[in-house]
Every structure is written in C-alpha cells, then in structure tokens.
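Engineer: One structure coming up, written as structure tokens, with questions to follow.
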Amino acid sequence: MWKRLILPVSLIVVLLAPLVISRAQDSTPTVLINLALADLSRRAGGETITLDDMTRWDWEQVNYPDASLGCPQEGQSYAQVATQGYRLTFTIRGANFDYRATTNGSTFFLCSGPASIPAAPTVAATNTPAADGTDGVEDNTTVATPVGRQVCTDAMNSRLNTGMSGQVRTTGLAVNVRSAAGTGNSTIGRLTPGQAFRVVGGPECANSIVWWEITSDTFNGWIGEGQYGVYWVEPTSAATTTSTTTTTTNNTPVGGAATNTPVGGTTSTTPTTPLAAGQPGAAVVYELSPLPITLDNAANLGRYIELPISEPITDIGWSVDNSTLAASANSGGWIYAMAALGTPPRLLQVPNGPAYGVAFAPSGGFMATGHNDNTVRVWDIVTGGQRAILRGHSAPVLAVAFSPDGTHVASGGQDNTIILWDVNTRTATVTLEGHTGAITALAFSPDGLLLASASEDNSVRLWDTVSGTAASTLSGHTAPVHAVVFSADGTHLASAGDDMTVRLWDISTGEAALFEGHTAPVLALALNADGTILASGGGSTTATNDNAVRLWNVQTGEVIATLSDYGGTPDTIVTGLLFNRDSSLLAFSTVQGQNSTIRLWGGQ
C-alpha cells in the first residue's frame, strides 16, 4: 500500500558520506525501496525492517532543479541542470527518514533522518501482546478487568456499541483502521492515541477480536476493540439513538405522476442532531428500479438515492463499472461503494486543503484528485493509499481527467497551465500553455487524441495529445467556461459557463449549436451513453437563482425535462453531473451553503 509522509522541517540530518551506487543499475522503486529497507535494518541494529513495520511510507518521482536532488550537502557543489530523481519517505516508531536517488541509479542516499531507529516498544510481563501487533500495540499497562458484554465467544467482552463515541486509549499506541473486519484485510490508516471516533457498524468477529466499523475525522473503516485482556480503545459516550420521522414523498420531477418513497414505506431515519462539519449522513434509498434514461422516459425521472454530506462538494466521479461513486470536497475525496450504501463512505484525506476535481481510471481501481496544495494525487481506491503525488503546478489544481487508455492523467489549475502526466513513470510528459485564465475543466476525446480544456479566459481549447501542441480554439462564450464533455463518438463537444449558455461544437467545423434557457451560470454538463441527451445544471446564490437541471434533446436543442423539485433551496447550486455507464442513473451534486447532497435519479 502506498502511503504519504510529511517530514518536519526541523528534522534535517544530512549524511556526510552518502551511499553511492558505483554503476548504473535497475533503479525502479522496488530496488530503491529494498535499498532503503537494508539501510533501515542497519540503523535498527541488525533487526530486519520491512514495509509492514512502517506507520507511513511513500515514493515519488521528482524533477529537481539541480543535481543535489533537493538535498544539498554542506561544502559540495552541484551541476545546475534539471535532474530527475526519486524521493522515498518512511515513518517507523516515530522516526522519519527521507531518501533520495537519481533515476539512472547512480546515486542513492539518506537526505534526513536519525542515525538509528528507536527500539520496538516492549510489553510488560503482565500483558500478553496482541496476535496482530499492529492492531493494538499495548504499552506497560496492567490487564483490564473484564467488563461489558460478550459478543464473540473467543474474544474479550465488548464495551462499545453502534452509535457510541470512543477514542484510542491515551496510554496506548496507534490502532490500525482496516478496510474490513479481520487482521488479514488491508490497513487504510491509523488512529493515534486519544483520537476520537464514532461507531457506525458492527460488531463482527474475526481473529478472536471484536471488530467495529467506525468513522473519524480522518478515516472510515474497521478497528479491533482489544485482545488478551487489553483494550486498545475505550468508549467516551453512551450509544446514541435516532428518531424516525414519517414523511410521504410525492416525487413528481417534471410533470409526470411518479411517486417515490424511501424503501420500507413512508418512514425515513434522520439524526436527532445536525451532522458535524465534514461528516457524511445516512443514505436515503427510494423505491425505484431504475431503467435506462432515454428520450422516451426522460420527462418522467424518479429519485433513487440521496447521499448527504456536511461540506461543499466540488466535483463527482463514477468508476467505469458503476461500482464506486466519488466526490471531491473540502475534506478530500469521499468514496461511496454503490453495493454498500448502508455503510459510511471512506475519506481519502490530505492535510493541505480542499480537493477540487476527481476522475477514475478507465481500468478501475485508481482515482485522481486535484488539490489546493498544487498537487495531483493518484489513489488506490481499494486500499485508500496514495500511489503517486504529482508536483508541477504552481497554483491549486482545479480539474483532472484520465486518458481513455489510462496511461495518462491531465491536470489543469489556477496557474493557467495543463500538464500531461505519465501514470506509470509519474512524470510530466508535456506542459500545455496558452490559456490566460484558470483551467476549470478537462475532457479527453474517446480516442484520446484530443484534450479539451475550459478556462476562465472565456475560451475552450483543443490540444493534440500526440504532438503536445494546440489544435484549435473554440471561441463564442462571453464569460468564464466551467464544463466540457465529449460525445461518445468524439464528433461533438459540449461546453457551458457563466454566460448561462450551453454550446454543442462540431469538432470538424468548429461551429456550435446554442442551447439557451438557463438564467444562471451553468457549472456542469453530462451526455448519456448514446449521445442523445445532454444534461446541464448550475446556479448562483442570488435571490433569482436558477438551479434546475435541464435535459436537452441533442438533435433538436429542445428541453425535454427540467428537474427543479429535487429538494433544493433558493441558494442551492449544482456543481457536478454524471450519467453512469449504461445511463440508467443521472447523478448530480447540489450544494447549499456548507451542506451538499449527491442525488441519483433514474428512468422509470
């Protein structure tokens, strides 16, 4: 699993005699990681150190401005030429290590880190260590007196329950958060001593441990409660309860007579208190068996699922197999498993501000996000780990897109530039310049030969991805452009923006059909699978806000449906729109102040 590490600036211990590899050799990350582990084992006094011992670890390829690899050593001079290199970072037992290497394998050295690794924590004789030492490594504490209730016949009594709040014991050590109950499942992060969480699911029994599904300010996953008489976590509140409110939802989106109610009749469950900032709410699923959305039934769509969250959503993405829905927001990237909407989404979080764009790789399994700290991050959505941190922008990254073959990620941001990244090498292959305003949206053509970009400079540009040059500029918008989307056959491109218009461009001629009807900025677009229906939405915070989602007949340019009764308020805006792969569902994200909802509507 790929993990992220932030080194404290004050910890700079430069080796006077770095390890130098005397000949060029295979310098792939695997080889470099093994070199680092060998050096760490030496620093641990001969103890064998493996990746399983790490709290966090990561590697990235970086373009350094000179031959020092970003780590100049006192008394040495360096060639002032751009140098490609690797940075590998490890955290073990509270110690941070930062290694650097050239991509040709000629140099490998420790840039910063202590001379030795702290010894592994010892356990008092009165304790029996946990069988999985990384799920609860206990300090010198006496065995707890059995309390609570029996949940699993071969495990300690449980002191937690669904709805409770808890924390990692302040006198203990970090506790692993896993993707599912059981020590054999992947670790997605760690809760530190004293860190709070809320129990949202469970219990489950595995490995003689009681497991609970929890959500915290950093992770959503499963933790073990304790083992061999030692509790790793403790409750901090009694179980909370939820009240049920009887509601009848008459869902008539566009003039039809459709009636959709939450599953289970007319009863929906709502929390007794508002959601805390940055927290997801429970999914609401309506009685609907979605049919593919077509020109024939588009005027009679019904609501299917609502996913509330207490922070603004900036973009949404859907995996190619429809199994995973993602949202970029202030806290990071939220990951919803469509087959398990009864469980909270996972949060892929970075500490340096909001995420603005999100895109899935065509092959599935990976996702890219753009961030306020000027980076693009590639995630393994199975484990929640970061596969790459791509640095090259000089301002926040607002838009990301994967090429159809999954080999490249495009990113654009407030520095007015677009960068194409090679996913395998994690390097920038070309920087596209020409826009005079921030890049707000990106889209690859289905064959991957063209990249479309929308900008605050009021233009849409097409770029040749093979030569890395500008292909054409599509002029016509009179205000910043916020959305672009290609048709499935690649012959047309739709765009929309602050001038409240939607334009459908013929790629071969550069001419555009004008779709008018919105009376507020248009922020999002989506085309269905066969290219017959174009969805558009947006809004503003003005009193006369137009936040309706419109469905257009692409051939005639006529509005065939207007979704305006989805539950928004006058200040609600639509920030994202997507059809799933078979066009049975239309997803759109709505933002009202500091709260958002992802809404899924389907044909019926």
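The values are calculated or read from the model by the stated rules, or taken from the named source; none is laboratory data. A quick note: this is a predicted structure, and the numbers were derived from the prediction, not measured. Note that we place each Cβ from the backbone using ideal geometry, even for glycine, and neighbour counts take in every protein chain shown. Accessible surface is based on the protein model in full, side chains and every heavy atom, while ligands, DNA and RNA are left aside. Shrake-Rupley method; radii C 1.70, N 1.55, O 1.52, S 1.80 Å.
Engineer: Consider residue 507 carefully, then state whether it is on the phi < 0 side of the Ramachandran plot and open to solvent by 40 Å² or more (accessible area, probe 1.4 Å).
Structural biologist: Yes, satisfied.
Engineer: Please determine whether any residue of the stretch 416-426 is on the phi > 0 side of the Ramachandran plot and modelled with pLDDT of 95 or more.
Structural biologist: Yes, because at least one residue in the stretch 416-426 is on the phi > 0 side of the Ramachandran plot and modelled with pLDDT of 95 or more.
Engineer: Next up: Quick one: in the stretch 317-339, of everything that is surrounded by fewer than 18 Cβ atoms within 10 Å (Cβ to Cβ) and among the small types (Gly, Ala, Ser), which residue is modelled with the lowest pLDDT?
Structural biologist: Restricting to residues being surrounded by fewer than 18 Cβ atoms within 10 Å (Cβ to Cβ) and among the small types (Gly, Ala, Ser), the top hit is 339.
Engineer: Under 6 Å between Cβ atoms, at least 6 apart or on separate chains: pull out the pairs that start in the stretch 407-432 with a residue that is in a strand (DSSP E or B) and end on any residue that is of a type in the set (D, E, K, R).
Structural biologist: 429/422
Engineer: Residues that are open to solvent by 40 Å² or more (accessible area, probe 1.4 Å) and part of a strand (DSSP E or B): does the stretch 389-406 have at least one?
Structural biologist: Keep residues of the stretch 389-406 that are open to solvent by 40 Å² or more (accessible area, probe 1.4 Å), which gives 391-392, 394, 404-405.
Next, only the ones that are part of a strand (DSSP E or B) stay: 391.
Looking through the stretch 389-406, at least one residue is open to solvent by 40 Å² or more (accessible area, probe 1.4 Å) and part of a strand (DSSP E or B).
Engineer: For the stretch 445-463, how many residues meet the condition of being open to solvent by less than 30 Å² (accessible area, probe 1.4 Å) and assigned to a strand (DSSP E or B)?
Structural biologist: Here the count works out to 8.
Engineer: Filter the stretch 163-193 down to the residues that are open to solvent by less than 30 Å² (accessible area, probe 1.4 Å) and either at pLDDT 85 or above or in contact with a Gly (Cβ under 8 Å, 6 or more places away or on another chain) (or both) and list them by number.
Structural biologist: 166, 168, 172, 175, 176, 177, 178, 181, 182, 188, 189, 191
Engineer: How many residues are assigned to a loop (DSSP other than H, G, I, E, B), within 16 Å of residue 580 (Cβ to Cβ) and aliphatic (A, V, I, L, M) if we restrict to the stretch 284-337?
Structural biologist: Step one: of the stretch 284-337, the residues assigned to a loop (DSSP other than H, G, I, E, B) are 287-290, 292-297, 301, 310-312, 319-323, 330-331.
Filter once more, keeping what is within 16 Å of residue 580 (Cβ to Cβ): 288-290, 292-294, 297, 301, 319-323.
After this cut, where a residue has to be aliphatic (A, V, I, L, M) as well, the list is 288, 293, 301, 320.
Going through the stretch 284-337 one residue at a time, the tally reaches 4.
Engineer: Among the residues of the stretch 541-576, how many are under 15 Å from residue 312 (Cβ atoms) and touching a Leu at 6+ places or on another chain (Cβ under 9 Å)?
Structural biologist: Of the residues in the stretch 541-576, 4 are under 15 Å from residue 312 (Cβ atoms) and touching a Leu at 6+ places or on another chain (Cβ under 9 Å).
Engineer: Do the conditions hold for residue 488, that is, is it in contact (Cβ under 8 Å) with a residue 12 or more places away in the chain, closer than 23 Å to residue 584 by Cβ and not in a loop (DSSP other than H, G, I, E, B)?
Structural biologist: So residue 488 fails the test.
Engineer: Something else about it: Please verify whether residue 536 is small (Gly, Ala, Ser) and touching a His at 6+ places or on another chain (Cβ under 9 Å), treating the condition exactly as stated.
Structural biologist: yes
Engineer: Search the stretch 539-596 for residues being buried (at least 19 other Cβ atoms within 10 Å of the Cβ) and charged (D, E, K, R), and hand back the single one that is farthest from residue 286 (Cα to Cα).
Structural biologist: The extreme case among them is 546.
Engineer: With respect to residue 360, determine if the residue is without any contact (Cβ under 8 Å) to a residue 60 or more places away in the chain, open to solvent by 30 Å² or more (accessible area, probe 1.4 Å) and touching a Phe, Trp or Tyr at 6+ places or on another chain (Cβ under 9 Å). It would help to see each step written out before you state the result.
Structural biologist: Values: without any contact (Cβ under 8 Å) to a residue 60 or more places away in the chain: yes; open to solvent by 30 Å² or more (accessible area, probe 1.4 Å): no; touching a Phe, Trp or Tyr at 6+ places or on another chain (Cβ under 9 Å): yes.
Judged against the criteria, residue 360 is not a match.
Engineer: Going through the stretch 556-584 one residue at a time, which ones are more than 20 Å from residue 595 (Cα to Cα) and not small (Gly, Ala, Ser)?
Structural biologist: Within the stretch 556-584, 556, 558, 559, 560, 562, 579, 580, 581, 582 meet the criteria.
Engineer: Identify, from the list 83, 91, the residue that is of a type in the set (S, T, N, Q) and in contact (Cβ under 8 Å) with a residue 60 or more places away in the chain.
Structural biologist: Result: 91 is the single residue among 83, 91 that is of a type in the set (S, T, N, Q) and in contact (Cβ under 8 Å) with a residue 60 or more places away in the chain.
Engineer: Still on this structure, please answer the following. In the stretch 195-208, how many residues are open to solvent by less than 50 Å² (accessible area, probe 1.4 Å), at pLDDT below 90 and out of contact with any Phe, Trp or Tyr (no Cβ under 8 Å at 6 or more places or on another chain)?
Structural biologist: 3
Engineer: Within the stretch 137-162, track down each residue that is of a type outside the set (S, T, N, Q), part of a loop (DSSP other than H, G, I, E, B) and at pLDDT 50 or above. Walk me through how you get there before you give the answer.
Structural biologist: So in the stretch 137-162, the residues of a type outside the set (S, T, N, Q) come out as 137-139, 143-144, 146-149, 151-152, 154-156, 159-160.
Okay, now just the ones that are also part of a loop (DSSP other than H, G, I, E, B), so 137-139, 143-144, 146-148, 151-152, 154-156, 159-160.
Answer for the stretch 137-162, where residues must be of a type outside the set (S, T, N, Q), part of a loop (DSSP other than H, G, I, E, B) and at pLDDT 50 or above: 147, 148, 151, 152, 154, 155, 156, 159, 160.
Engineer: Same structure, new question: Of the conditions (1) in contact (Cβ under 8 Å) with a residue 60 or more places away in the chain; (2) part of a loop (DSSP other than H, G, I, E, B), residue 568 fails just one. Which one is it?
Structural biologist: Of the numbered conditions (1) in contact (Cβ under 8 Å) with a residue 60 or more places away in the chain; (2) part of a loop (DSSP other than H, G, I, E, B), the odd one out for residue 568 is (1).
Engineer: Go through the residues of the stretch 374-385 one by one and say whether even a single one is hydroxyl-bearing (Ser, Thr, Tyr), open to solvent by 30 Å² or more (accessible area, probe 1.4 Å) and under 13 Å from the mean Cα position of the chain (by Cα).
Structural biologist: No.
Engineer: Let me ask another. Counting just the residues of the stretch 13-61 that are under 28 Å from the mean Cα position of the chain (by Cα) and over 18 Å from residue 113 (Cβ atoms), which one comes out modelled with the lowest pLDDT?
Structural biologist: 28
Engineer: Quick check, is residue 561 closer than 22 Å to residue 288 by Cα and part of a strand (DSSP E or B)?
Structural biologist: yes
Engineer: On to the next question. Do we find that residue 342 is open to solvent by 40 Å² or more (accessible area, probe 1.4 Å) and either out of contact with any His (no Cβ under 8 Å at 6 or more places or on another chain) or in a loop (DSSP other than H, G, I, E, B) (or both) in this structure? Lay out the reasoning, then the answer.
Structural biologist: Numbers: open to solvent by 40 Å² or more (accessible area, probe 1.4 Å): yes; either out of contact with any His (no Cβ under 8 Å at 6 or more places or on another chain) or in a loop (DSSP other than H, G, I, E, B) (or both): yes.
Criteria met by residue 342.
Engineer: Residues in the stretch 209-219 that are closer than 16 Å to residue 161 by Cα and surrounded by fewer than 24 Cβ atoms within 10 Å (Cβ to Cβ): how many?
Structural biologist: Here the count works out to 3.
Engineer: Given 107, 91, 83, which one is surrounded by 14 or more Cβ atoms within 10 Å (Cβ to Cβ) and farther than 22 Å from residue 63 by Cβ?
Structural biologist: Values: 107 fails: farther than 22 Å from residue 63 by Cβ; 83 fails: farther than 22 Å from residue 63 by Cβ.
Testing whether each residue is surrounded by 14 or more Cβ atoms within 10 Å (Cβ to Cβ) and farther than 22 Å from residue 63 by Cβ leaves just 91.
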